[in-house]
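A.B. asks: Sending over a structure as structure tokens; questions will come in a sec.
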Amino acid sequence: NRMHLVCPMGMSPYVDQHMSSHQIWEEFSMSFTPAVREVVEFAKRIPGFRDLSQHDQVSLLKAGTFEVLVVRFASLFDIKERTVTFLSGKKYSVEALRSMGAGELLNSMFEFSEKLTALQLSEEEMSLFTAVVLVSADRSGIENVNSVEALQETLIRALRSLITKNHANEVATFTKLLLKLPDLRSLNNMHSEELLAFKVH
Amino acid sequence: FGDPASNLGLEDIIRKALMGNFEDKHD
């Protein structure tokens, strides 16, 4: 019945048996808070993001932070070694994480990271793609859909232009990149379900 | 489970991180 928290945004998958569920959650929250703050700082630097309403800025960040973190931390999933690096820097094998209860989400994260890495994006391209991930007009609770949509379109145009400049097979690369957006939504949904399972447990 | 962000305490972290930004804008 030993509990594990199989998320690389924690320091370790092992949970102290003597801690209450509230303490476990507090400790986990403290480990991922700096990463979330970095996402907010990143969002603030997206040209036009600060011009959106406060409500819409919060809504986009609430809905998209997980997906941004998946993109930014894709390198934590080592496909060749089949390991996941946690925030402490310690690596855990897929087999070990499976034995701790990791399931379909872990496989999907590896699959996503592999496909994203294969696109060989530059730092600038990755950054612009991350902005496109965050500024999505179809997130729930958006007040001013037109403003978010306009910013999203500007970012997508900029991304397309950058990809066209840097890649030989630009149409295929751009298409593959846009197809990562529904993949991220799917990972986001799976992650929410796992969170629910953890909380219920 | 419609709002995983609130469950994680994400909203609070996000609002606090954005807050300085809004104060700057209004000043």
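The values are calculated or read from the model by the stated rules, or taken from the named source; none is laboratory data. Keep in mind it's a predicted model, so treat the numbers as computed, not measured. Positions of Cβ are backbone-derived with ideal geometry, glycine not excepted, and every protein chain shown enters the neighbour counts.
A.B. asks: Since residue A:14 meets every condition but one in (1) closer than 23 Å to residue B:14 by Cβ; (2) more than 14 Å from chain B (Cβ to nearest Cβ); (3) surrounded by fewer than 18 Cβ atoms within 10 Å (Cβ to Cβ), which condition does it not meet?
C.D. replies: (1) is the only condition that residue A:14 fails.
A.B. asks: Which condition number does residue A:27 fail, the rest of (1) assigned to a helix (DSSP H, G or I); (2) touching a Ser or Thr at 6+ places or on another chain (Cβ under 9 Å) being met?
C.D. replies: Failing condition for residue A:27: (2).
A.B. asks: Out of everything in the range A:97-112 that is part of a helix (DSSP H, G or I) and in contact (Cβ under 8 Å) with a residue 40 or more places away in the chain, what residue ends up being nearest to residue A:158 (Cα to Cα)? Even if it seems obvious, please write down each step before you answer.
C.D. replies: We begin by selecting, within the range A:97-112, every residue part of a helix (DSSP H, G or I); these are A:97-99, A:104-112.
From what's left, in contact (Cβ under 8 Å) with a residue 40 or more places away in the chain: A:97, A:104-106, A:108-109, A:112.
Details: A:97: 39, A:104: 34, A:105: 31, A:106: 32, A:108: 28, A:109: 27, A:112: 23 Å.
That would be A:112.
A.B. asks: In the range A:53-96, what count of residues is obtained for those that are in contact (Cβ under 8 Å) with a residue 12 or more places away in the chain, within 12 Å of another protein chain (Cβ to nearest Cβ) and either in contact with a strand residue (DSSP E or B) (Cβ under 9 Å, 6 or more places away or on another chain) or of a type in the set (S, T, N, Q) (or both)?
C.D. replies: Residues in the range A:53-96 being in contact (Cβ under 8 Å) with a residue 12 or more places away in the chain, within 12 Å of another protein chain (Cβ to nearest Cβ) and either in contact with a strand residue (DSSP E or B) (Cβ under 9 Å, 6 or more places away or on another chain) or of a type in the set (S, T, N, Q) (or both): 4 in total.
A.B. asks: Only one of A:126, A:190 is modelled with pLDDT of 95 or more and either within 19 Å of residue A:104 (Cα to Cα) or surrounded by 13 or more Cβ atoms within 10 Å (Cβ to Cβ) (or both); which? Even if it seems obvious, please write down each step before you answer.
C.D. replies: Working: A:190 fails: modelled with pLDDT of 95 or more.
Residue meeting the stated conditions: A:126.
A.B. asks: I want to confirm something. Restricting to the range A:164-187 and keeping residues that are touching a Leu at 6+ places or on another chain (Cβ under 8 Å) and among the hydrophobic types (A, V, I, L, M, F, W, C), which single residue is surrounded by the most Cβ atoms within 10 Å (Cβ to Cβ)? Working first, answer last.
C.D. replies: The initial filter retains those residues of the range A:164-187 that are touching a Leu at 6+ places or on another chain (Cβ under 8 Å), namely A:173-174, A:176-177, A:180, A:187.
Restricting the remaining residues to those that are among the hydrophobic types (A, V, I, L, M, F, W, C) gives A:174, A:177, A:187.
Values: A:174: 19, A:177: 23, A:187: 19.
Per the criteria, the residue is A:177.
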